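Here the structure is laid out as structure tokens; the discussion comes afterwards.
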Amino acid sequence: MSIEIPAGLTELLQGFTVEVLRHQPADLLDFALQHFTRLQQENERRGAARFGHEARTWGDAGAAAGGGTPSKGVNFAEEPARTDSEDAEEEEEAADAGAFNAPVINRFTRRASVCAEAYNPDEEEDDAESRIIHPKTDDQRNRLQEACKDILLFKNLDPEQMSQVLDAMFEKLVKEGEHVIDQGDDGDNFYVIDRGTFDIYVKCDGVGRCVGNYDNRGSFGELALMYNTPRAATITATSPGALWGLDRVTFRRIIVKNNAKKRKMYESFIESLPFLKSLEVSERLKVVDVIGTKVYNDGEQIIAQGDSADSFFIVESGEVKITMKRKGKSEVEEDGAVEIARCSRGQYFGELALVTNKPRAASAHAIGTVKCLGLWAEPEGLRKYFLILVLGNKRSALSERSTVFSVVQQFILCSTNAPSAGRPLSV
């Protein structure tokens, strides 16, 4: 059975999640009621303003056609003839302004602009002639590669795609106090920080407040490009600095298209995993979005006993041997470890250390060629809840169910906490 996600649902829930994280309400249900009531009222106001303007327009037209007296304030003798496009523009302006005070910029009620068009990666053709190349010196390219090496969105690109991204990026110098992006604007570029410090401001109830900062590393601006939404925050430089920008067209042609291919590749595999069957379709897609892959050769170590944990693994193909060092055991291998289990396609390992927040209890090695999917759950506070949810123990994490996956996605795309370059998705 195919379940279609209604248009706008993802953006609606993402926006609500961000508001919850910003305000940290004590009563989540009451906060949700107020939040969605406010959205509904704003939508009704816009509808009322548009209806009133259209009624006046049709009334005037009817009076003129029937020989009646036009409405007051309309002088056809003095006004030049108006085109349909001008009338349409006036209707839109009246609908936005109306007889009410303009509401705070909202991600859901704001009119979509020309550049926020729908994007279908399947219809996009890879036209080599449309590729953008900004020449760079050796020093610039080295700095760019260093700035991009830990960027999450670039981790699953192949060398050719990464080379195209580096070619298309351009350097942007900023001054202290300069606004790089403004909340509510349409997305034009994705930015990677080369140097400099930046504050993140979010306007709530008409008041902007700082919710985080970047310190000489990180990236921002991808959410608006990936999901066709207005900018969710304002980024202001607090020192002179330098950024690397990637234009909207190249970003969508390479990054968005690559993510779409990745979803197609792994969606059916993720859906087949028994311990993920209890997740909703949208949740499984988010799992696909945060996985990375790596191929291990025969005998290669995947995890080591005693190491700290930042991920767990799902076997896509091949077989993995799990070993543990035990004192006083005779049936041990040369390195003092005994085999305790094997994992094959669809099975997972490495989750225990994440859930318990303890060092790895065992080691894992590839038997033959092994391909693994790796999942990271950042930041530290989300790891346990993320793993509990993914592993199916949803009763103990029921209150987190509606927010955990959105929180992970927000962290990956535009964390509202003090950002960092993040950990790589590939293992």
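Where a number appears in this text, it was derived from the coordinates with a stated rule and is not lab data. No experiment lies behind these values; they were computed from the predicted model shown. FYI the Cβ positions are ideal-geometry reconstructions off the backbone, even for glycines, and counts take in every protein chain you see.
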(request) Please give, to one decimal in nm, the separation of the simple spin-label points placed at Asp167 and Asn142, each 7 Å out from Cα toward the Cβ. (result) 2.3 nm
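Given the pairs Lys136/Lys264; Lys262/Lys358; Lys321/Lys358; Lys262/Lys294, which span a C-alpha to C-alpha distance of over 24 angstrom in this model?
Lys136/Lys264; Lys262/Lys358
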(request) Give me the number: length gained by fully extending Leu352 to Lys262, i.e. 0.36 nm times residue separation minus the C-alpha to C-alpha distance, one decimal in nm. (result) 29.7 nm
(request) Neighbouring Cβ atoms within 10 Å as the yardstick, rank Met265, Met324, Met226 fewest first. (result) Met265, Met324, Met226
(message) So if each residue of separation counts as 0.36 nm, and I subtract the Cα-Cα distance between Thr238 and Asp215, what length gain in nm does that give?
(response) 7.3 nm
